[in-house]
Amino acid sequence: MKSKYFLTLILVGILPIAVLAGVYYWMAINEVPVKALPKESENLALQTTSGAIQRDNLTLASSLKAGIEDLYQSVPGLVANHSETDLERYFHSHIYLSGLAVFSMEGKLIKSVPSTAQLADQTYGSSDEFKKMIEKFKDNGGKIDLFFTLRLSYPAFVFAVPLDSKTLVEAVLNLSYFFPPINPNGKAGEIFLLDPDSGQYFYHSNSAKFQTPFNQPAEEWLTQVQNGLKEKQSGSVINGDSTLDAIYSTLGIKSFGIVRIVPMANLDRKSTRLNSSHLG
C-alpha cells in the first residue's frame with residue numbers, strides 16, 4: 001500500500017508544482033548545496049561502451065530510488081522526534097539532503113538544519129508552492145507530501161509533513177548529488193532524469209533544458225526511448241545518422257528513467273550492444 005500511495009503522490013503532487021516552480025529561482029546565483037557534489041567530468045563516455053554506461057545508469061537509478069524511498073518512509077518519523085538534536089542527527093544520516101527546514105503554517109521559517117542552509121526566502125509563505133502544500137495537507141489528512149521544486153539553485157524533491165497544528169518540516173533532497181556533473185559544452189554528452197509521460201526533466205546536466213519539453217518536435221529515436229521508459233524498460237537507441245546513442249534505464253518509480261545521450265565517436269563500436277536498436 002505504501003508503494004501505491006507513494007506513486008500517487010508522485011503523479012498528483014510533482015507535476016502541477018513543477019509548472020510553477022521556475023518562478024522561485026531567487027536563489028539561483030546564491031545557494032550552494034551543503035554537501036559536496038561529484039567532481040565534473042569531461043571523460044565519462046570517452047572510449048567506453050554502451051554496456052558500461054547502462055551499468056552506470058542502473059547503479060545511479062538504484063541509488064536515487066533508494067534515496068527517495070528512504071526519505072518517504074523516514075520523514076514522518078520526525079513528527080515524534082524533531083528536537084534540534086533529532087534534526088541534526090537526521091540530516092547527517094542522509095547524505096543526499098541539502099537541509100531540513102521547520103516552518104510555521106503561515107510560511108515563516110523557524111529553524112533550518114544546518115543553520116547555514118538557505119531553503120526559503122521571506123516570500124515563501126505566499127508562494128504557490130507553499131500554498132499548494134498546505135492544501136495537500138488538508139486533503140490528505142496531514143500525511144507526507146512529496147513534490148519537485150526548481151526554486152533553489154538545484155533541482156530537488158521536497159518531502160514535507162506537519163509536525164503539529166502550527167508547524168511543518170521540509171526535507172530537501174538535492175537531485176544534483178546523484179548525477180555526475182557534465183559540461184554542457186564538452187564532449188561527454190548529456191544525462192538527465194526524465195518523466196516520459198509528461199516529457200518533463202527532473203534533472204538535466206544542461207540546466208537550460210529544465211524549461212523545455214523532451215522530444216519536441218518529436219524525433220523517432222527519442223520517441224523510442226520515451227516509449228521504452230513508459231514500458232519500464234531499459235535499452236539503447238542510435239539516431240538516424242549514427243552520431244548519437246541514447247542509453248536509457250528505468251528508475252523503478254512510476255515511468256521515470258535515467259537517459260544518457262552520448263556521441264558515437266566516444267563509444268567503442270566493437271562492444272556488444274544489448275537491447276539496442278538502430279534507426280537508419
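Taking the condition open to solvent by 30 Å² or more (accessible area, probe 1.4 Å), at pLDDT below 95 and in contact with a Ser or Thr (Cβ under 8 Å, 6 or more places away or on another chain), does S277 pass?
yes
Across region 232-261, what is the number of residues that are open to solvent by less than 10 Å² (accessible area, probe 1.4 Å) and farther than 25 Å from G67 by Cβ?
The total comes to 3.
Of the numbered conditions (1) part of a loop (DSSP other than H, G, I, E, B); (2) in contact with a Pro (Cβ under 8 Å, 6 or more places away or on another chain); (3) farther than 19 Å from K254 by Cβ, S176 satisfies every one except a single condition; which is it?
Exception for S176: condition (1).
Which condition does Y201 not pass, out of (1) part of a loop (DSSP other than H, G, I, E, B); (2) under 28 Å from Q226 (Cα atoms); (3) open to solvent by 10 Å² or more (accessible area, probe 1.4 Å), if it passes all the others?
(1)
If a residue must be under 30 Å from V75 (Cβ atoms) and of a type in the set (S, T, N, Q), how many such residues does region 173-228 contain?
The total comes to 7.
Could you check region 174-189 and list, in sequence order, the residues that are surrounded by 19 or more Cβ atoms within 10 Å (Cβ to Cβ) and over 11 Å from the mean Cα position of the chain (by Cα)?
Once the filter is applied, which keeps residues that are surrounded by 19 or more Cβ atoms within 10 Å (Cβ to Cβ) and over 11 Å from the mean Cα position of the chain (by Cα), region 174-189 yields I182, A188, G189.
Under the condition of being without any contact (Cβ under 8 Å) to a residue 40 or more places away in the chain and surrounded by 14 or more Cβ atoms within 10 Å (Cβ to Cβ), which residue from region 220-231 is nearest to T250 (Cα to Cα)?
L229
Check off (1) at pLDDT below 50; (2) surrounded by fewer than 18 Cβ atoms within 10 Å (Cβ to Cβ) for L9 and give me the number that stays unchecked.
Condition not satisfied by L9: (2).
Take V113 and tell me if it is modelled with pLDDT of 95 or more and in contact with a Lys or Arg (Cβ under 6 Å, 6 or more places away or on another chain).
It is false that V113 is modelled with pLDDT of 95 or more and in contact with a Lys or Arg (Cβ under 6 Å, 6 or more places away or on another chain).
One line per residue, one yes/no per condition, for (1) in a strand (DSSP E or B); (2) free of Cβ contacts under 8 Å to residues at least 40 places away in the same chain; (3) among the aromatic types (F, W, Y); (4) open to solvent by less than 10 Å² (accessible area, probe 1.4 Å):
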| residue | (1), (2), (3), (4) |
| --- | --- |
| K111 | yes, yes, no, no |
| A120 | no, yes, no, no |
| E135 | no, yes, no, no |
| Y154 | no, no, yes, yes |
| F157 | yes, no, yes, yes |
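Is at least one residue of region 37-47 at pLDDT 50 or above, out of contact with any Ser or Thr (no Cβ under 6 Å at 6 or more places or on another chain) and farther than 24 Å from D195 by Cβ?
Yes - at least one qualifying residue is present in region 37-47.
If you go through region 171-184 one residue at a time, do you hit one that is farther than 30 Å from H92 by Cβ and touching a residue at least 40 places away in the same chain (Cβ under 8 Å)?
Yes - at least one qualifying residue is present in region 171-184.
Applying the selection to region 93-109, what residues are exposed (fewer than 13 other Cβ atoms within 10 Å of the Cβ) and outside any loop (DSSP other than H, G, I, E, B)?
Of everything in region 93-109, just one residue is exposed (fewer than 13 other Cβ atoms within 10 Å of the Cβ) and outside any loop (DSSP other than H, G, I, E, B), namely S104.
How many residues does region 204-218 contain that are surrounded by 15 or more Cβ atoms within 10 Å (Cβ to Cβ) and on the phi < 0 side of the Ramachandran plot?
Residues flagged as surrounded by 15 or more Cβ atoms within 10 Å (Cβ to Cβ) and on the phi < 0 side of the Ramachandran plot within region 204-218 amount to 7.
If you scan region 228-244, which residues turn out to be assigned to a loop (DSSP other than H, G, I, E, B), small (G, A, S) and under 19 Å from A265 (Cα atoms)?
If the condition is that a residue be assigned to a loop (DSSP other than H, G, I, E, B), small (G, A, S) and under 19 Å from A265 (Cα atoms), then G240, S242 are the ones that fit.
Answer yes if at least one residue in region 193-209 is over 20 Å from I258 (Cβ atoms), hydrophobic (A, V, I, L, M, F, W, C) and without any contact (Cβ under 8 Å) to a residue 60 or more places away in the chain, and no otherwise.
No: region 193-209 contains no residue that is over 20 Å from I258 (Cβ atoms), hydrophobic (A, V, I, L, M, F, W, C) and without any contact (Cβ under 8 Å) to a residue 60 or more places away in the chain.
The values are calculated or read from the model by the stated rules, or taken from the named source; none is laboratory data. Remember, it's a predicted structure, so these values are computed and weren't measured experimentally. Heads up, the Cβs are rebuilt from the backbone with ideal geometry, glycines too, and the neighbour counts pull from every protein chain shown. The area values use the complete protein model at the heavy-atom level, side chains included, leaving out ligands, DNA and RNA. Shrake-Rupley method; radii C 1.70, N 1.55, O 1.52, S 1.80 Å.
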